Amino acid sequence: MSTEELMTYAESRGHRIFYTELRNIKAITLDDGNSYIALSKSLHGIEEKEIAAHELGHCEYGGTYNRYSPFSISAKAERRAKKWAFYRLVPPRDIRAAFTEGVVECWDLAERFDVSCAFMCEALEYYRSVGII
């Protein structure tokens, strides 16, 4: 999935994405009944796509959190957002198809799916941990 496809998806789901100057962070998602994603203007390429997918994961899972609430668990929200990004950018069925074709190295898979090697390795680790691949 490309960055443009992610943006189209976000728009179709009513999530508003805008680019702005952000200090010390690359993105933030806010939810007040509507979802807003602020992405740093400094983001480009693969990093922009991966971060946008992660932030959309927060919107799709309802996974924003209130840092002042004792009941809001940030690790849970982050894990769900990351999981959503994995399934969108490197779907398990496509990973299995790549394996069948002999593409098995993390860096080769990352190139094939146009994601960073770190993102791909993390996705593979997650999929293996839950028994998907």
Out of (1) part of a helix (DSSP H, G or I); (2) out of contact with any helix residue (DSSP H, G or I) (no Cβ under 6 Å at 6 or more places or on another chain), the odd one out for Ser42 is which? (1)
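Which ones in the range 72-93 are touching a helix residue (DSSP H, G or I) at 6+ places or on another chain (Cβ under 8 Å) and at pLDDT 95 or above?
Once the filter is applied, which keeps residues that are touching a helix residue (DSSP H, G or I) at 6+ places or on another chain (Cβ under 8 Å) and at pLDDT 95 or above, the range 72-93 yields Ala81, Lys82, Lys83, Trp84, Ala85, Phe86, Arg88, Leu89, Val90, Pro92.
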Among the listed residues Arg67, Arg79, Arg88, identify the single one that is open to solvent by 70 Å² or more (accessible area, probe 1.4 Å) and in contact with a Leu (Cβ under 9 Å, 6 or more places away or on another chain). Arg88
Would you confirm, using the coordinates I've provided, whether Arg112 is more than 18 Å from the chain's Cα centre (by Cα), surrounded by 12 or more Cβ atoms within 10 Å (Cβ to Cβ) and of a type in the set (Lys, Arg)? no
Output the number of residues of the range 1-34 satisfying the condition of being touching a Lys or Arg at 6+ places or on another chain (Cβ under 7 Å) and not in a loop (DSSP other than H, G, I, E, B). 4
Residue count, the range 3-40, condition surrounded by 11 or more Cβ atoms within 10 Å (Cβ to Cβ) and touching a strand residue (DSSP E or B) at 6+ places or on another chain (Cβ under 7 Å), comes to 18
Just to be sure before I move on: is Glu60 in contact (Cβ under 8 Å) with a residue 40 or more places away in the chain, part of a helix (DSSP H, G or I) and either open to solvent by 60 Å² or more (accessible area, probe 1.4 Å) or closer than 16 Å to Met120 by Cβ (or both) in the structure I sent? no
Search result, residues across the range 113-133 that are assigned to a helix (DSSP H, G or I) and either of a type outside the set (A, V, I, L, M) or touching a Gly at 6+ places or on another chain (Cβ under 8 Å) (or both): Phe113, Cys117, Phe119, Cys121, Glu122, Glu125, Tyr126, Tyr127, Arg128, Ser129
Given the structure, is Lys49 among the basic types (Lys, Arg) and either under 21 Å from Val115 (Cβ atoms) or open to solvent by less than 40 Å² (accessible area, probe 1.4 Å) (or both)? yes
Residues within the range 64-112 that are assigned to a helix (DSSP H, G or I), of a type in the set (A, V, I, L, M, F, W, C) and more than 21 Å from Val130 (Cα to Cα), tallied: 1
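The values are calculated or read from the model by the stated rules, or taken from the named source; none is laboratory data. Just so it is clear, the model here is predicted, and its values are computed rather than measured. Cβ coordinates were reconstructed from backbone atoms using ideal geometry, including for glycine residues, and neighbour counts include every protein chain displayed. For accessibility, only protein heavy atoms count, side chains too; no ligands or nucleic acids. Shrake-Rupley method; radii C 1.70, N 1.55, O 1.52, S 1.80 Å.
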